[in-house]
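Down below is the structure, laid out as C-alpha cells.
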Amino acid sequence: MKIGIFGGSFNPPHKMHKNIAKELIKHGYVDKVIFVPTGTKYEYKNNLESNNTRYTMLTLMIEHEKDLSLSKYELQDRPVYTYETLDHFKRKYPEDDIYFICGTDNLSYIDQWKRGDYILKNYKILVIKRTTDELEPLLEKYKNYQKNIIVTSIKEETLSSTYIREEIKKKKQGNIKKYLDKKVYQYIRENHLYEEKTERKCFYAVKSY
C-alpha cells in the first residue's frame, strides 16, 4: 500500500486540504492519506488554535471518508520534526511505502529543515504545485534526489487558512462558508473560533485516545 502523509497546521482545515488528498488517491499516487496536524510547541506558530480544536475539525472534515485518516503523532509536548514523523509511520507500516505530501512552497526550502537531506534521500515526495510557483528551478536544485521527487498533476488552489481566519475576524463568515465542510463551518461558528475575543468555550470536542 502507498500511504501519503499530509502534515500542516490545519488552522482551520478546509475543502482544498480534503480535495488534494482525494485527488491523490483518485489518480493513484497513494492508496490512503493520513492527516498529521502540527503541534503547538513551535515558537514561530503562535496563532494556532489548540491541538484538540484542530484535531476535532479534521475529524469532522474527514468522517465517512474511508481512505482518509488522522494521527495525533505530532501533538506532543515538544516540537516534532518531519523526519521523525515519516520514520514513525515507516515503523508503523513497515510493509508499505510512505509518501510525504509537499507543496512547492515547502519544497523550496526542505533542504533547510532538520535532516532535510535525509527526507529527500529516504522518502518519496509528492509535490503539489502552487499556481504561482516555478517548478523547474526546484527540480534543478534537487536534481540529486530526482528519483524521489514526484511532481503530481494536482494543483493547489489559491486558498489558505490565513484568508479564512482573516475573513472571520472581519465578520465576513459568509464569504468563507463555501470553502469549509458544513460541520467544520458549524463548529467554528458555534465556538466563535478565530474571532477577536479573549475568552471562548468549545461546545464539544473529540475524545482523546
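The values are calculated or read from the model by the stated rules, or taken from the named source; none is laboratory data. Note that this is a predicted model, so its numbers are computed, not measured. A quick note on method: Cβ atoms are made from the backbone with ideal geometry, for glycine too, and the neighbour counts reach across all protein chains shown. Only protein heavy atoms, including side chains, enter the accessible area calculation; ligands, DNA and RNA are left aside. Shrake-Rupley method; radii C 1.70, N 1.55, O 1.52, S 1.80 Å.
Remark on the stretch 14-79: ratio of C-alpha radius of gyration to 2.2 N^0.38 Å is 1.20. Take the Cα pairs of the chain, get the Kirkwood Rh, then feed it into Stokes-Einstein at 4 °C and 1.567 mPa s and tell me D in µm²/s. Rounded, D is 72 µm²/s. Given their separation in residues at 0.36 nm each and the Cα-Cα distance between them, HIS192 and ASN19 gain 59.7 nm when the chain is fully extended. For HIS27, project a label point 7 Å along Cα to C-beta. Then give me every residue of the stretch 141-173 with its amide nitrogen under 11 Å of that point. Residues passing the 11 Å test: 151-156.
Choose one of SER161, ASN175, ILE128: the residue whose Cα lies farthest towards the positive end of the charge dipole of the stretch 127-181 (beta-carbon charges +1 Lys, Arg; -1 Asp, Glu; about the Cα centre). Projecting each Cα onto the dipole axis, the largest value belongs to ASN175. Straight-distance candidates among the aspartates and glutamates for linking to LYS22, with alpha-carbon spacing under 15 Å and chain neighbours fewer than 8 residues away dropped: ASP31, GLU63, GLU65, ASP67, GLU156, GLU157, ASP181. Computed over the chain, the per-residue total of -39500 (n - 2.57) for DSSP H runs of n ≥ 4 gives a 222 nm mean residue ellipticity of -9500 deg cm²/dmol, rounded to 500.
Lys and Arg at +1, Asp and Glu at -1: add these up for the other residues within a Cβ distance under 15 Å of TYR73 and post the number.
After counting each charged neighbour, the total is +3.
In the context of the full set of protein chains, the chain has a per residue accessible area of 56 Å² (1.4 Å probe).
Within the assembled protein chains, the solvent-accessible surface assigned to GLU195 is about 40 Å², based on a 1.4 Å probe.
Counting heavy atoms of the protein chains alone, TYR123 has an accessible area of about 10 Å² for a 1.4 Å probe.
Each label point was placed 7 Å from the Cα along the Cα-to-Cβ direction; for LYS155 and ASP97 their separation is 2.6 nm.
For LYS121, the lysines whose Cα falls under 20 Å of its own Cα, not counting residues fewer than eight places away in the same chain, are LYS2, LYS90, LYS92, LYS141, LYS143, LYS147. Note on the chain: with neighbouring protein chains present and a 1.4 Å probe, carbon and sulfur make up 46 percent of its accessible heavy-atom surface.
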